[in-house]
Amino acid sequence: NCRWLGFDIDLDQLGKRAQFNFDRLQGGNAPPTAPAAVKDYLKQHASDMECILIKDTSKDTLLALANLSSPLGAAAKEVIEARKAEKELDVLNKLAITKRFFPDFKVIGARSFRMSGGSDEGIIGGSINPQGINREPEFRKIFTFADEGTTFSGGDFDGFEVTIADAVYNDATLHAQLIEGRNFHGILGSFIYDKTYDEEFSEKIKKEIQN
């Protein structure tokens, strides 16, 4: 459903972020990003000794080279920034075309046997991987999710760490329930299904919840 319905995005914020990335690409004067061209570019800024360090143009190699206080280090940083900008612009271009965020998931196929993000099919250049969205706050402002007049909220309830909540919230009632060994999710379920706590944990109710 979320794949076809999509979620709201802030198009104004999208435009600002696109301009930010164009500026990062130095108006077309940015360093190359393709592996072979990047390797040549780095060697142009490296000494004979430093050339030994340029084994490939992977992310790990570039990050290591970027720590050097030399022209090679500066060049590596430029390439890192250019690749980040290109990757973001690819996502922004897709969003600009669709005008909404249509997350795509592979229900099966991940090595961990869990749902994975994105697929090889979809809109131009493949669809957007919702699990790989840049974590920068300015980038994430684009994804408002909630359409006008609605509020977005959510979370992985099954993964809530109730004991951490107990330590942070300092809620006496919650703490007492945990000390008694009562299941927090079961307590909530008793309200949702209008059952007592004991009924909630009967085999019948467990099966209803699982189904």
* Asked: What are the pairs, 6+ residues apart or on separate chains, where a residue within region 13-41 that is closer than 28 Å to PHE101 by Cβ has its Cβ under 7 Å from a residue that is open to solvent by 80 Å² or more (accessible area, probe 1.4 Å) and modelled with pLDDT under 95?
  -> GLN13/LYS141; ARG17/GLU138; THR33/GLU86
* Before we move on, is GLY126 within 30 Å of THR33 (Cα to Cα), at pLDDT below 70, in contact with a strand residue (DSSP E or B) (Cβ under 9 Å, 6 or more places away or on another chain) and open to solvent by less than 30 Å² (accessible area, probe 1.4 Å)? -> no
* Just one of the numbered conditions (1) at pLDDT 85 or above; (2) over 30 Å from ARG100 (Cα atoms); (3) acidic (Asp, Glu) is not true of ASP198; which one? -> (1)
* In this structure, is ASN67 open to solvent by 70 Å² or more (accessible area, probe 1.4 Å), closer than 26 Å to PHE20 by Cα and not in a loop (DSSP other than H, G, I, E, B)? -> no
* To do: Would you check which residues across region 25-36 are open to solvent by 40 Å² or more (accessible area, probe 1.4 Å) and either assigned to a helix (DSSP H, G or I) or closer than 23 Å to ILE142 by Cβ (or both) and list them?
  => GLN26, GLY27, GLY28, PRO35, ALA36
* **Flag if GLY149 is at pLDDT below 85 and at positive phi** => no
* Conditions (1) within 18 Å of the chain's Cα centre (by Cα); (2) at pLDDT below 85; (3) closer than 22 Å to PRO35 by Cα; (4) open to solvent by 60 Å² or more (accessible area, probe 1.4 Å); number of the one not met by GLY132 -> (4)
* Select from region 43-59 the residues that are touching a Leu at 6+ places or on another chain (Cβ under 6 Å) and part of a loop (DSSP other than H, G, I, E, B) and write down the one among them that is most open to solvent (accessible area, probe 1.4 Å). => HIS45
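The values are calculated or read from the model by the stated rules, or taken from the named source; none is laboratory data. These numbers come from a predicted model, not from an experiment. Glycine gets a Cβ as well: all are built from the backbone with ideal geometry, and neighbour counts include every protein chain shown. Areas reflect the complete protein model, heavy atoms only, side chains present, ligands, DNA and RNA absent. Shrake-Rupley method; radii C 1.70, N 1.55, O 1.52, S 1.80 Å.
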